[in-house]
Amino acid sequence: MDFVGKGQPLTRKGMIAALGHMGLSHVDKLLKKDWAGFAKIYNGKDYWMNRYDIKLNEQFQRFSSGSLASLEVRAAQSALLFLGFCPGKIDGVLGPRTRGAIKNFRISACLPDGDELDGQTYAALCEKASIDP
């Protein structure tokens, strides 16, 4: 199963039990990753106005990738933003925009090329932004 609950894969049976109060059509839409179908049932026919189907897909992709929020990444994102780099949302997830900002910071700080948030990069970010690591 692709869904995760408390760090453990949620089985089809567990998902049906967890969402049983919503009705099986909701569960079926989620299991099939039919975000528009789920959003229409859950939020009503005007779900598209708030892009609920797109938001569901984005969050599913984010959490199913194994990228969970990290306080260290949030601190790095805050430092990057403070220093004028554009890490995207301050969400603790090392996504493509954060990686791009790290890459640019590393170049400006004369650090080895790359987009990883390693110890050396984190320490340099904290020092330049005048924050305690």
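Structure above, values below:
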| read-out | value |
| --- | --- |
| Among (1) under 30 Å from residue 98 (Cα atoms); (2) modelled with pLDDT under 65, the one test that residue 11 misses | (1) |
| Matching residues in the range 50-82 - criterion: being loosely packed, with under 15 Cβ neighbours inside 10 Å and within 27 Å of residue 126 (Cα to Cα) | 66, 68, 69, 71, 72, 82 |
| Scope the range 110-128; condition among the acidic types (Asp, Glu) and part of a loop (DSSP other than H, G, I, E, B); matching residues | 113, 115, 116, 118 |
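The values are calculated or read from the model by the stated rules, or taken from the named source; none is laboratory data. Bear in mind the structure is a predicted one, so any value in this text is a computation, not a measurement. Positions of Cβ are backbone-derived with ideal geometry, glycine not excepted, and every protein chain shown enters the neighbour counts.
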